[in-house]
1. Report the gain in length on full extension from D221 to T80: 0.36 nm times residue separation, minus Cα-Cα distance, nm rounded to one decimal.
2. For a Förster distance of 22 Å, can you work out the FRET efficiency between the beta-carbons of T116 and S180, rounded to the nearest 0.05?
3. How would the range 142-229 be classified by its alpha-carbon gyration tensor: rounded, prolate or oblate, with rounded meaning a/c under 1.5 and the a/b versus b/c comparison settling the rest?
4. To the nearest 0.05, how large is the calculated FRET efficiency for A161 and S325 if R₀ is 25 Å and r is the Cβ-Cβ distance?
5. Place a +1 charge on the Cβ of each Lys and Arg in the range 97-176 and a -1 charge on the Cβ of each Asp and Glu, then give the dipole magnitude about the Cα centre in debye, rounded to the nearest 20.
6. Would you work out which of Q178, V151, N196 lies farthest towards the positive end of the dipole of the range 100-212? Charges go on Cβ: Lys and Arg +1, Asp and Glu -1.
7. Once phi is turned into θ = phi - 60°, what whole-Hz ³J(HN,Hα) does the Karplus curve with 6.51, -1.76 and 1.60 give for every residue of the range 128-145, x standing for Gly and Pro?
8. For the range 165-172, just list the computed ³J(HN,Hα) in residue order, Karplus coefficients 6.51, -1.76 and 1.60, θ = phi - 60°, integers in Hz, with x standing in for Gly and Pro.
Amino acid sequence: MVHLPLATCTLLPASLLLLAACGSRTGLDASRDGPGTTVDAGATVDAAPVGDAGGASAVLFGGYDGVTPALSDTWTFDGTAWTELQVAGPSSRDSAVMAALHGTLVLFGGEAATVTRPSDTWAFANSAWTMVDTSGPPPRTYAVMAPLGDVLVLYGGLSAADFPLSDTWTFNGTRWTQVSVTGPPGLSNALMAPLNGKLVLVGVPDTAAHTWTFDGATWTDLGVTSPTGLSAVERAVMAPLGGKLVLVTGDNNPALRPATTWTFDGSSWSQLDVTGPPGRSYAVMAPVRGKLVLFGGVNDGNITLGDTWTFDGSTWTQLNVTGPSARYAAVMATP
């Protein structure tokens, strides 16, 4: 569980090659190139633009409600209503990572209800989960993962021994590959999202937040003034919208640091003069139908939250909807 500081036949897209047989674990030949193969950082990934309008529905999985060991339910949100899917999938867990690759969601790692850290990989498409039979990064929690061209890029997180990690991995739908590249220092509770053909990562390695970009070959510290109100241990949320990134600061003591909303255009951060969700940590946020959807988290009283908010680029709106139970450290992404 999170520790705060205080059977349908599914055919995935052919490009992923994820299913070997209907209803079975995927039989990927991960050994043909060798799991965990290290590649030269000079092999630049094709950084095709990634849309930020969001698909028809976001998908939410798992999390921790503060009482029950980690959850394993799957929900979708179409911009208006939440729907629980009665599907079998990954084991109960929180603090995993999930991102979309060619319309299929890929989930990795996290912390299980047994307080172990699995290193399994799962794919979600056509309303069904499939376990991907491939070796990948070592176990970790609170990593970040986002799409870049034809791969997903995973960075950092907390190791099984709770040490911040600084490794970079890619997943092409078939296998994981460790990238031989020097990146940011070891980070957990960082944020990462695509913008203008690169990945933007925000983290707090020392006393202030830093902003890096990754083009598939090189990590670059932009040296720009990053959002204030971020701390190393209270997770914020970030997602693309309207050609920019939107970041909502995360802190479970709003009296000290109320939540603020920032945008990043690729070169500089700007704080928006808007009133949004009350301060919280470990919420989730994803684009759906041209808006951002934010759900859950935990507040300064260690009370888990189950509220749903949308942001259209200028205004935050709390929706009067019934959805997942209150939780934090779930994962949510849009195919």
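Quick note: the coordinates plus some simple rules give every number you see, no bench work behind them. These figures come from a predicted structure and were not determined experimentally. Glycine also receives a Cβ, built like all others from the backbone with ideal geometry; neighbour counts cover every protein chain displayed.
1. Here the segment from D221 to T80 would lengthen by 46.9 nm.
2. According to the calculation, E is roughly 0.15.
3. oblate
4. The pair A161/S325 has a calculated efficiency of 0.20.
5. Rounded to the nearest 20 debye, it is 20 debye.
6. Result: N196.
7. 9, 9, 9, 7, 8, 7, 8, 7, x, x, x, x, 6, 10, 6, 7, 10, 8
8. Calculated HN-Hα couplings, in order: 9, 10, 8, 10, 10, 10, 10, 9 Hz.
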